[in-house]
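Colleague: Please read through the structure below; I'll follow up with questions.
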Number of protein chains: 2
Amino acid sequence: MSVTLSDVANRAKVSPATVSRVLNGNYPVAAATRERVLRAVDELDYVLNGPASALAASTSDLVGILVNDIADPFFGIMASAVQAEMGCQDGDGTGRAGGEKLAVVCNTGGAPDRELTYLTLLQRQRAAAVVLTGDTVDDPAHAAAVAAKLARLAEAGTRVVLCGRPPLTAHPDAVLAALPFDNRGGGRALTSHLLELGHRSIGHVAGPAERTTTRHRLEGHREALAAAGLGGDRAGGGLTVHGPYDRRSGYEGARELLRREPGLTAVVAANDTVALGVCAALREAGLRIPQDVSVAGFDDLPFSADAVPALTTVRLPLQAAGARAGRLALGTEKPPPGRVAEIAAELVVRDSTGAPRTG
Amino acid sequence: MSVTLSDVANRAKVSPATVSRVLNGNYPVAAATRERVLRAVDELDYVLNGPASALAASTSDLVGILVNDIADPFFGIMASAVQAEMGCQDGDGTGRAGGEKLAVVCNTGGAPDRELTYLTLLQRQRAAAVVLTGDTVDDPAHAAAVAAKLARLAEAGTRVVLCGRPPLTAHPDAVLAALPFDNRGGGRALTSHLLELGHRSIGHVAGPAERTTTRHRLEGHREALAAAGLGGDRAGGGLTVHGPYDRRSGYEGARELLRREPGLTAVVAANDTVALGVCAALREAGLRIPQDVSVAGFDDLPFSADAVPALTTVRLPLQAAGARAGRLALGTEKPPPGRVAEIAAELVVRDSTGAPRTG
DNA sequence: TTGTAGGCGTTATCAC
DNA sequence: GTGATAACGCCTACAA
């Protein structure tokens, strides 16, 4: 079969225990012995049996990252940042992977049941940590189920970190740290910006109706409107449509908004991708951006700066947040006081917003 | 500690072996017994210990997916497609969902050593399968190292599939199947298209110099030029610059090309993202697309259709290729004859290319 | 500093 | 159809 620890032990003329100790490195071993063992490992081309050591140590070196949509750079950037923290640097230049954690990214598609399924799978693997990114379904039953699952994971020693997702209400102590994005503040800043430019008829192509992120961004939007004395029906949804986080949703949403209110002078999109769809629909309707209609996105993904016109949006430090979540999951960084640290959102004004057309 | 198989066995008043059998579903068990066991599992909220079963069965339910850059939709789309295939497929019509595989996405950053490190990690986990996506460094030493590693993995029972990567030259039998993209054909089609439009001075902002994909796309480009009688210096690199697969590379590459050859009428980019950067630089130089300069991308990522102007590019069926690779890795689909099936690339002509300005 | 031995939770091979 | 019982490969007190 495959070469085992005792094979190495025999070759190096030591006990299996000693081999285990040099491999794990967290135990004193004589330099000469270690040398001999390492050589044997190399000669035999030995690779540790992960499952066996996970069983014996009752913990694995797997770290799970849950994302809604891996094909969306929003999640890709965070996942990448988390993974980058998992230290791929070999401890002793031997090219041997030392305290290496394997970051596994799990694509839930945003489906509540898949989220739970993956959590169970990770629990089964006795994952060392789990990072949940993105928002979640805004439903008490699902929230409770996830919270319960996370509580069990935490109980079993898995470190749970929330990145860009609101803290748990049910078992708040189950998560090591939560790094929610300030979606509300971002939404408020964006709409305030539009109001300051003079816009009074602002459409909103929001995200999926039942998601926390959608709700928070919308709340920020409405707070800004209310602060400007524009409450009531208009803020209540007359100029709001919902849809998924894709280009098509923006395209169709904009057409629908135009139908409802041809006098529209600005559109806020659920995110940058949706904003691109909005722009396409607007152009198709013969409207110039921003002369006729202003458009704003959210997230500030890399392509937004290159859009034509360059997109006004709200920057979320995805890379930084992911990196921090990764360190938290690894135990490299201390959790913030209260275990919650809100991530600030920053308004980025570019060329897709301007003063409304007069008259 | 945590609840184990024997706890369930006790509660259900059966032996651990029986519990194992109903959980794995691939063994005859009396309906009544199964019922009782399942109930006990539910009541105890039992979750299988993955490492333990992997150890005993000497195989895990992990499937590794290696990608160069998870934040790049090019890889995100493939990874997502592979992962989508890992869903619960019923083993033998029993209906029980047991064949869940955990797809783990590993971000190599395109670095050769990280590629090997991840392969070792996967080997350590006794992964059931490994899917390698994207291209690789065009270096014999590294290719040999990877091939050797893959051979060991295959030897240990891991199913190896190559998706969008050229077949191995060293241990061709180590991989179950290779699905290389027809980068050469795509490159040829693209440049032919430009030549047919009348372009004679075509710049090329290529990918990283030492990668197989870069080489193949470039070869296609030059084949087309040669076929049109435009060989020599121009084809040899006078109008070719290299850089990473990002927007900035396109931006700087285009500026450099413009400096070398102000009379340029077309630019071929390494991929769609790079093409966006090219467009930005061109516009900044006061050039219209495609009236003054035509631009073409590669891959046909979702945003390309929304670019302004919509990008002419070469479509790679990333989603379909990923799905097929996933099925191959799972053993759901038969490997192609010869274990190699080239994935066709299709020219997509949109608005960013046109006839060159006359005079 | 190093060796010995028991156990981690499952699966698989026998019997019954 | 079901129950004992050995592996599976490694970790970790405990001894030496």
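Colleague: Given Cα pairs under 8 Å that are at least 6 residues apart, what percent is the relative contact order of chain A?
Modeller: Relative contact order comes out at 16 percent.
Colleague: If you don't mind, another one. Over all pairs of distinct alpha carbons, what does the Kirkwood formula give as the hydrodynamic radius of the range B:157-221, in Å?
Modeller: Kirkwood radius, the range B:157-221: 13.5 Å.
Colleague: Quantify how strongly other chains surround peptide A:296-303 by giving the mean number of their Cβ atoms within 10 Å of each of its Cβ atoms.
Modeller: Per-residue shielding by partner chains comes out at 2.
Colleague: Out of every Cα-Cα pair in the protein assembly as shown, what percent are more than 52 Å apart?
Modeller: 16
Colleague: Across the residues of A:60-71, average count of Cβ atoms on other protein chains within 10 Å?
Modeller: The per-residue average across the peptide is 5.
Colleague: Further question: With springs only between Cα atoms under 10 Å apart, run a GNM on chain A and tell me which of A:G231, A:G207, A:G110 wobbles the most.
Modeller: Among A:G231, A:G207, A:G110, the largest mean-square fluctuation in the Gaussian network model of chain A belongs to A:G231.
Colleague: Where the centroid of each part is defined by its Cα atoms, how far is the range B:41-85 from the range B:161-211 in Å?
Modeller: Using only Cα atoms to place each centre, the spacing works out to 30 Å.
Colleague: Here's something else I'd like to know. Taking all protein chains as present, what is the carbon and sulfur share of the accessible area of the protein assembly as shown, in % to the nearest whole number, probe 1.4 Å?
Modeller: 51
Colleague: Taking amide H atoms as placed 1.01 Å from N in the peptide plane, list the residues 5 or more away in sequence, or in a different chain, whose amide H sits under 5 Å from that of B:G203.
Modeller: Excluding prolines and chain starts, which carry no amide H, the hits are B:T265, B:A266, B:V267, B:V268.
Colleague: With only alpha-carbon pairs counted, each pair once and no self-pairs, how large is the Kirkwood hydrodynamic radius of the range B:39-171 in angstroms?
Modeller: Answer for the range B:39-171: a Kirkwood hydrodynamic radius of 16.1 Å.
Colleague: Okay, next question. Take peptides A:215-228, B:21-34, A:115-128, B:2-15 and line them up by average Cβ neighbours within 10 Å, highest first, as a rough protection proxy.
Modeller: A:115-128, A:215-228, B:2-15, B:21-34
Colleague: Find how many whole Å separate the alpha carbon centroid of the range B:284-346 from the alpha carbon centroid of the range A:281-296.
Modeller: 29
Colleague: Per residue, how much accessible area does chain B have with a 1.4 Å probe, in Å²?
Modeller: On a per-residue basis, 40 Å².
Colleague: Moving on to the next point. Strictly over 24 Å apart at the Cα level, which of A:K101/A:K334; A:K149/B:K13; A:K334/B:K101; A:K13/B:K149; B:K13/B:K101; A:K13/A:K101 would you flag in this model?
Modeller: Table pairs above 24 Å Cα-Cα are A:K149/B:K13; A:K334/B:K101; A:K13/B:K149; B:K13/B:K101; A:K13/A:K101.
Colleague: Between chains A and B, what is the buried accessible area summed over both chains (1.4 Å probe, protein heavy atoms, nearest 100 Å²)?
Modeller: Chains A and B together bury approximately 4400 Å².
Colleague: Along the Cα-to-C-beta direction of B:A156, a point sits 7 Å from the Cα; which residues of the range B:311-332 have their amide N less than 20 Å from that point?
Modeller: Output list for this probe position: B:329-331.
Colleague: Now for a separate question. Over the Cα atoms of the range B:183-315, how large are the radius of gyration and the largest Cα-Cα distance (Dmax), in Å?
Modeller: 12.9, 36
Colleague: A:R248 to B:D139: FRET efficiency via 1/(1 + (r/R0)^6), r the Cβ-Cβ distance, R0 51 Å, to the nearest 0.05?
Modeller: Efficiency, rounded to the nearest 0.05: 0.75.
Colleague: Another question about this same structure. With the convex hull built on the Cα atoms of the range B:257-348, state its orientation-averaged projected area in nm².
Modeller: Averaged projected area of the range B:257-348's Cα convex hull equals 7.5 nm².
Colleague: May I ask for the net charge around B:P336, where only other residues with Cβ less than 11 Å from the Cβ of B:P336 are counted and Lys, Arg are +1 while Asp, Glu are -1?
Modeller: Surrounding charge for B:P336 is +1.
Colleague: Can you work out the FRET efficiency for the pair B:E196 and B:D45, with r the C-beta to C-beta distance and R0 = 51 Å, to the nearest 0.05?
Modeller: 0.20
Colleague: Multiply the residue gap between B:A111 and B:K334 by 0.36 nm, knock off their C-alpha separation, and tell me the result in nm, one decimal place.
Modeller: In short, 77.2 nm is gained.
Colleague: With a 10 Å cut-off between alpha carbons and a GNM built on chain B, which of B:D272, B:D45, B:D182 moves the most?
Modeller: B:D45
Colleague: What is the gain in length, in nm to one decimal, between B:A228 and B:N24 on full extension, counting 0.36 nm per residue of separation less the C-alpha to C-alpha distance?
Modeller: Length gained between B:A228 and B:N24: 67.2 nm.
Colleague: Tell me, what is the percent relative contact order of the range B:183-315, built from C-alpha pairs under 8 Å that lie six or more residues apart?
Modeller: It comes to 24 percent, rounded to a whole number.
Colleague: Computed FRET efficiency, Cβ-Cβ of A:S15 and B:A17, R0 41 Å: what is it to the nearest 0.05?
Modeller: It comes out at approximately 0.80.
Colleague: If Rh is defined by the Kirkwood formula over all Cα pairs and Rg also comes from Cα, what ratio Rg/Rh do you get for chain A?
Modeller: That ratio is 1.12, to two decimals.
Colleague: Grab the eigenvalues of the alpha-carbon gyration tensor for the range B:1-46, scale each by 5, take roots, and send me the semi-axes largest first in whole angstrom.
Modeller: Taking √(5λ) for each Cα gyration eigenvalue gives 16, 10, 9 Å.
Colleague: A further question on this structure: Evaluate the distance, in nm, between pseudo-label points positioned 7 Å from the Cα of B:D292 and of A:A32 along their respective Cα→Cβ axes.
Modeller: Going by the 7 Å Cα→Cβ label model, 7.6 nm.
Colleague: Over the whole of A:184-197, what's the average partner chain Cβ count within 10 Å per residue? Rounded to a whole number, please.
Modeller: The mean count of partner-chain Cβ atoms within 10 Å per residue comes to 0.
Colleague: Percent antiparallel among DSSP beta bridges with both residues in the protein assembly as shown, to the nearest 5?
Modeller: The antiparallel proportion sits near 10 percent.
Colleague: Additional query: Please give the calculated 222 nm ellipticity per residue for the protein assembly as shown, where each DSSP H segment of at least 4 residues contributes -39500 (n - 2.57) and the sum is spread over every residue; nearest 500 deg cm²/dmol?
Modeller: For the protein assembly as shown, the value works out to -13000 deg cm²/dmol.
Colleague: A further question on this structure: Once the piece of chain linking B:E256 and B:D7 is laid out straight, how much longer is it, given 0.36 nm per residue of separation minus the C-alpha distance between them?
Modeller: Computed gain between B:E256 and B:D7 is 82.7 nm.
Colleague: Could you compute the net charge surrounding B:L282? Neighbours are other residues with a C-beta less than 10 Å from the C-beta of B:L282; K and R count +1, D and E count -1.
Modeller: Computed value for this residue: +1.
The values are calculated or read from the model by the stated rules, or taken from the named source; none is laboratory data. On a predicted model such as this, the values are computed, not experimentally measured, just so you know. Neighbour counts are summed over all protein chains in view; Cβ atoms, including those assigned to glycine, are modelled from backbone coordinates with ideal geometry. These area figures cover heavy atoms from the full protein model, side chains too; ligands, DNA and RNA do not enter into them. Shrake-Rupley method; radii C 1.70, N 1.55, O 1.52, S 1.80 Å.
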